[in-house]
């Protein structure tokens with residue numbers, strides 16, 4: 001029969017080992033934020049289990065003191081102390097990350113804790129050999145000396161409390177309070193133990209700080225109805241997987257009816273989502289990103305047949321859909337290194353959602369990821385251009401397309417065209433970046449830059465003796481809506497030294513009544529200063545003749561689509577010819593875009609053309625080369 005010291009019972013250590021096993025089971029089954037600090041916490045649990053086992057074996061071995069080599073008593077005792085002090089050392093290191101210390105303070109913080117740990121463990125080995133601390137004599141009788149453990153224990157506790165108090169403003173207040181409370185309870189248990197001459201619950205006292213961290217920092221409870229955890233947990237998983245170079249498959253379900261409306265998924269959706277998220281994949285985790293957005297993440301390494309399983313899930317979702325019949329968007333994507341590095345899959349998936357029809361499915365590929373990352377890069381560059389406000393910004397380039405004047409048989413006008421040249425992408429065309437600039441509300445600075453650079457070049461060409469009637473510049477409705485639009489345009493033209501009548505503004509007709517009134521007011525105001533106006537893209541979308549008549553346009557630009565259609569359909573050719581003749585008789589000049597060959601030119605000449613523009617005459621060129629097409633004054 002094993003007999004323990006009267007001041008020790010194995011109940012405390014057995015409780016610790018059992019609790020550590022429960023922690024391990026919870027970590028395995030519950031969702032835990034697996035950050036770098038979580039690895040420290042995991043190691044603390046392992047060390048505590050080893051310590052409790054060492055303490056139990058030490059007290060068992062003491063029953064055989066004198067009949068077994070002392071090594072078999074010293075070793076489990078050393079393991080017991082080593083595990084506990086290692087636990088304290090890890091706890092101190094754990095606090096490094098949230099404290100965000102400066103490099104020098106961080107090194108000092110780490111060095112003090114490490115040196116203290118080494119000194120304490122060396123003393124725990126040397127003191128028995130020198131008979132300064134606990135030791136067993138030749139007769140097998142134990143002796144107490146200088147107590148190493150209490151000194152080491154209270155040093156680490158005081159050091160940890162000092163750190164927490166000194167830098168408490170750098171950590172969320174509730175976390176500091178929770179950690180401090182758990183440490184105080186642990187110390188209180190140790191002190192009460194000492195008062196009553198007990199040693200059974202030393203290891204057990206270390207459970208409280210571990211539990212505090214697990215609960216306060218790493219726990220992320222599941223939604224009991226649908227089985228999902230929140231977006232912060234999703235971001236933690238992405239960071240952890242990226243660090244471990246582990247590829248994930250992400251399956252996103254978006255239902256706009258429940259996004260931002262405060263409505264919850266109805267019961268008929270809970271069950272199929274819960275079942276589908278666990279039925280087909282091993283170790284999958286469901287995340288609720290927003291009210292109507294769920295993402296299921298699974299490891300491809302643990303699910304090598306994930307493509308087959310993904311198809312099964314799709315088929316099962318299609319089978320369940322008739323039960324709830326709500327609009328949805330489904331996206332399947334694997335993880336990509338660059339997006340993982342930025343931890344931006346929520347943004348990536350929202351980007352894909354914007355390009356999808358309702359009740360559709362998309363399997364994202366490398367191309368989609370590249371386009372998204374390029375869009376993000378363009379957004380950053382546009383934001384920087386806007387923030388700088390530099391009208392000479394070299395990233396914004398002016399190209400132009402010369403326009404052929406049929407009356408004079410010369411090139412005396414041109415259209416300014418915008419280009420972006422960015423370090424990582426090179427040349428970008430308007431269709432790539434204009435929609436982004438309009439969506440981000442930074443189109444205004446681009447228009448100002450183009451106007452400034454165009455006017456400066458107009459002045460240079462005029463001073464050099466070239467005959468240049470005018471250059472037209474496209475402006476967005478977002479530009480025209482700006483309260484100071486007219487003042488800005490006039491100021492930039494004036495500062496460049498160009499003449500107002502050498503500048504034309506191209507605008508597209510708006511369907512919106514309010515926009516029309518704004519455009520009308522701004523056009524009339526600038527028209528009085530001598531600036532010309534073009535109606536762009538006539539023949540596409542919406543055209544209201546009454547509104548066209550109300551606006552004092554100088555030139556009507558017939559879209560390329562009308563040029564093409566007039567070649568293949570005689571009725572359309574007749575209609576275009578009559579419209580152009582009508583505009584001409586009303587003193588509007590007609591310009592045809594997209595003229596590419598002699599046949600196009602001949603047809604447009606017969607349809608009352610005054611100006612022709614297209615690849616037949618010139619592709620877009622840098623505006624600095626416009627002089628190649630202009631004639632010099634005599």
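The values are calculated or read from the model by the stated rules, or taken from the named source; none is laboratory data. Just so we're clear, the structure is a prediction, and the values are computed from it rather than from any experiment. In this analysis, Cβ positions are derived from the backbone assuming ideal geometry, glycine residues included, and neighbour counts consider all displayed protein chains.
The stretch 180-285 holds helices (runs of 4 or more DSSP H) entirely within its bounds, and those carrying 1 or more residues that are touching a strand residue (DSSP E or B) at 6+ places or on another chain (Cβ under 6 Å) and modelled with pLDDT of 80 or more map to 231-243.
Within the span defined as the stretch 12-27, one or more residues are farther than 18 Å from residue 91 by Cα, surrounded by 14 or more Cβ atoms within 10 Å (Cβ to Cβ), at pLDDT below 85 and within 41 Å of the chain's Cα centre (by Cα). Here residue 408 meets each of (1) surrounded by fewer than 18 Cβ atoms within 10 Å (Cβ to Cβ); (2) over 21 Å from the mean Cα position of the chain (by Cα); (3) in contact (Cβ under 8 Å) with a residue 12 or more places away in the chain with one exception, condition (3). Within the stretch 106-129, one or more residues are farther than 26 Å from residue 186 by Cα, surrounded by 12 or more Cβ atoms within 10 Å (Cβ to Cβ) and in contact with a strand residue (DSSP E or B) (Cβ under 8 Å, 6 or more places away or on another chain). As a summary of the residue check, residue 371 satisfies the conditions (1) closer than 20 Å to residue 298 by Cβ; (2) assigned to a helix (DSSP H, G or I) except for the one numbered (1).
Taking the criterion of being over 22 Å from residue 89 (Cβ atoms) and surrounded by 16 or more Cβ atoms within 10 Å (Cβ to Cβ), the residues of the stretch 194-218 that qualify are 198, 200. Test of understanding: among 624, 631, which residue is modelled with pLDDT of 90 or more, under 28 Å from residue 456 (Cα atoms) and within 44 Å of the chain's Cα centre (by Cα)? Just a single option satisfies the conditions, and that option is 624.
This table checks each residue for (1) free of Cβ contacts under 8 Å to residues at least 60 places away in the same chain; (2) in contact with a strand residue (DSSP E or B) (Cβ under 7 Å, 6 or more places away or on another chain).
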{"residue": "569", "(1), (2)": "yes, no"}
{"residue": "582", "(1), (2)": "yes, no"}
{"residue": "588", "(1), (2)": "yes, yes"}
{"residue": "617", "(1), (2)": "no, yes"}
{"residue": "622", "(1), (2)": "no, yes"}
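Report yes if residue 534 is touching a residue at least 60 places away in the same chain (Cβ under 8 Å) and either more than 15 Å from residue 604 (Cβ to Cβ) or in the same structural domain as residue 613 (by TED's automatic domain parsing) (or both), otherwise no. It is true that residue 534 is touching a residue at least 60 places away in the same chain (Cβ under 8 Å) and either more than 15 Å from residue 604 (Cβ to Cβ) or in the same structural domain as residue 613 (by TED's automatic domain parsing) (or both). Scanning the stretch 302-329 for residues that are modelled with pLDDT of 90 or more, outside any helix (DSSP H, G or I) and either loosely packed, with under 14 Cβ neighbours inside 10 Å or not assigned by TED's automatic domain parsing to the domain that holds residue 354 (or both) returns 302, 304, 305. Counting only residues that are within 22 Å of residue 197 (Cβ to Cβ), give me the helices (runs of 4 or more DSSP H) lying completely in the stretch 75-177 with at least 3 of them. Once the helices (runs of 4 or more DSSP H) in the stretch 75-177 are filtered for at least 3 residues that are within 22 Å of residue 197 (Cβ to Cβ), what remains is 103-130, 148-166. Are any of the residues in the stretch 496-503 at positive phi and outside any helix (DSSP H, G or I)? There is at least one residue in the stretch 496-503 that is at positive phi and outside any helix (DSSP H, G or I).
For the stretch 130-158, a residue qualifies if it is within 41 Å of the chain's Cα centre (by Cα) and either over 17 Å from residue 209 (Cβ atoms) or surrounded by 17 or more Cβ atoms within 10 Å (Cβ to Cβ) (or both), and the qualifying residues are 156, 157. Residues that are closer than 26 Å to residue 409 by Cβ and either out of contact with any strand residue (DSSP E or B) (no Cβ under 7 Å at 6 or more places or on another chain) or outside the structural domain of residue 430 (by TED's automatic domain parsing) (or both): does the stretch 463-483 have at least one? Yes, the stretch 463-483 contains a residue that is closer than 26 Å to residue 409 by Cβ and either out of contact with any strand residue (DSSP E or B) (no Cβ under 7 Å at 6 or more places or on another chain) or outside the structural domain of residue 430 (by TED's automatic domain parsing) (or both).
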